[in-house]
Each structure stands twice: as structure tokens, then as C-alpha cells.
1. What's the extension gain from SER76 to GLU6 if we count 0.36 nm per residue and subtract their Cα-Cα distance?
2. Show the residues, 5+ positions off or on another chain, whose built amide H is closer than 5 Å to the amide H of SER80.
3. Between the stretch 210-283 and the stretch 1-73, what is the C-alpha centre distance in whole Å?
4. Which order, highest average first, do 8-14, 221-227, 259-265, 102-108 follow once you tally other Cβ atoms within 10 Å for each residue and take the mean per peptide?
5. For the stretch 100-170, what size does the Cα cloud have along each of its three principal axes, sorted from largest down, in whole Å?
6. Under a crude label model (7 Å from the Cα following the beta-carbon direction), how far is ASP149 from GLU65 in nanometres?
7. Can you give the Rg to Rh ratio for the stretch 1-63, taking only C-alpha atoms and Rh from Kirkwood?
8. Whole-Hz ³J(HN,Hα) for each residue in the stretch 96-108, computed from phi via Karplus 6.51 cos²θ - 1.76 cosθ + 1.60 with θ = phi - 60°, x for glycine and proline: what do you get?
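Each value in this text was obtained by applying a stated rule to the coordinates, not by laboratory testing. Fair warning: this is a prediction, and the values are worked out from it, not measured in the lab. Heads up, the Cβs are rebuilt from the backbone with ideal geometry, glycines too, and the neighbour counts pull from every protein chain shown.
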Amino acid sequence: MDTVEEIRRMSGYGGDVIVVGGFPASESESESESDLAAGEIMVIWAIQGPTSFAPNALVAQSSLELRLDACGHSLSILQSPCSMNTPGVTGSVMWDSGVVLGKFLEHSVDSKVLSLDGKKIVELGSGCGLVGCIAALLGGNVVLTDLPDRLRLLNKNVQTNLHRGNTRGSAIVQELVWGDDPDPDLIEPFPDYGTHLCFISSPFVHTISNTSFFAVHFVVLGSDVIYSEEAVHHLVKTLLQLCGHQTTIFLSGELRNDAVLEYFLESALKYFAIGRVEQTQWHPDYRSRRVVLYVLEKKSKRCLTDESSLNQSC
């Protein structure tokens, strides 16, 4: 496939990303969201060939426990395989995309292209809690969220793996139903800026209007959160509610349903600039052709599609 990929840097991540769309003054700016989403699906299915590789290469979903070394600690993540028989329940076991995202965060911090130290972090659909636990070990102040009936297992894993004294950051567990109004404490605490004029001047500092300097202070994480069209609508709404223009979002997903991923990309591109992180920037021991990793940042207000359209269809 003869494609020319556009490479950018995003304000909250110091590594290169491949432009999916939504960036001002980019080659893709004139294309529609639907065309950009369809093009991205064609590219990643052609490059990665996910259906040729076995799923769950990094996890054992039939096991009651997943053990993983991260940030100098041996983590023990409890699973509930029997809950997988309940329709709609996927967060009771680990998925490759969660392991990939957690180890990507660790590798990026070690490589000094990302800093989570002291950052406010919200993880959506935390499930077993691996990603949020790693983020806390890396210095983030993490709120791990999920549906009410998923919190017991999540709480247990947080308490088991984040002992007093072994964590640079902090972690709490909180209920969050996508599409509902989130707790005000979860929302980015700094005001939105009317114009998003950010560029990387060092890995973790951006310049706004060339005068004021801010560390990227708010991060949203999600793994395997793109799994149905109905969930996509509520996910995008929640991302809009949580995020301001100083928020960086990292989402990893399983490449199992091209139609659902395309629907998410088309919906999200109305409101967010999206870049794909190549596997060469992931942790070298935790890569999968069945997983994709995106970085999102909210568009400036002058570039935003009318957000009311999302609320009207809720």
C-alpha cells in the first residue's frame, strides 16, 4: 500500500505519532471524519494483519491471577474468569491491550518522552486495574473508574498492589458510568484556552500563546474501551466532559471489530486530534499486532465541531 504517513508531536507526549486526523494545518485537514476513519482502518488492517495472529498472547484469561513485573515491582492482578459468562462483562479479566498500555507508559517514562509524576490521571473502564496501578507507581495521582458492579475486584487489586511506601503517586477507585455527568472532581481543573497553540519545547512542557508555560497536568487512560457502537457514543461524550485543552488521552484497543473502531474514530475526530503510536515506540517485550494505541487531544474551540450534536442524540 503506497501511503505517505504524516508525523507529528503532541503536547502531552514527546514521541512521534502518525497523524490520523484533527490536527490544524495538516495534510488531512480537508478530509471528512468518515474518510479519515475509513482510511485509518484500511491502513492498520493492511499493516498489522490482526486476524493472522492469535488473541490474548500476553494474558491468560482462564487463570485467577496475572503476574507482571512493572516499575521494579511484581504485580499480582486478580481475575474473575467465571464472570466472562455474563453478557457485557469484559473487565473481569485482563486483555492484551491493557498490558500493552501499562508497559507502554512505563517504557515511555523510562525513555523520557512522558512524565506522569504528580499528574492527575483518570482511567476509564479500569477493569482489573493494571494500567491504573502502573500509572500510580510512575507517580500519577490516579482515579480508577468503572461500573458499580466492577468495583469490588478493582478495589482488591489496587489494595493488593499499591502498598504504603511502594507507590510514588496515589490511587483511588470511583464509580463512573459513561454518558452520565461525572463527579466534578474528575474533570480537568484548569480552564480551557480559546486557542490551542501548543508545541513541544521539551518533552513535557508546552508553550501557550508563546508566553505561559504549563506542564501537561491531566491524563486520561483507557484500554479495551472501544467494543460496541453503543458504548462508543457514551465514551466520546464522557471524554468530552472530562477533558480540556490541557488533557492528553491514551487509548489502546483490541483489533477485533473494524466497524466499531471506525465508528469510534469518525465520532472522536469531530472533537479530538488523533495520532497513532507506532509499535516501535512501545515496550519492546510487550507488542501485539492485534492491538492499536492512540493519543488524543481536544481540538481548539475554533476547530471544534458543534458539541451539541453529541448531547442531542443521548
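1. Numbers: separation 70, 0.36 × 70 = 25.20 nm, distance 3.96 nm.
Length gained, SER76 through GLU6: 21.2 nm.
2. Amide H to amide H, under 5 Å and 5 or more residues apart or across chains, SER80 pairs with VAL93.
3. 11
4. The most tightly packed comes first, giving 221-227, 102-108, 8-14, 259-265.
5. For the stretch 100-170, the Cα spread along each principal axis is 37, 25, 19 Å.
6. Result: 2.7 nm between the two label points.
7. Across the stretch 1-63, the Cα-based Rg/Rh ratio is 1.09.
8. 3, 4, x, 5, 4, 5, x, 6, 4, 4, 4, 5, 5
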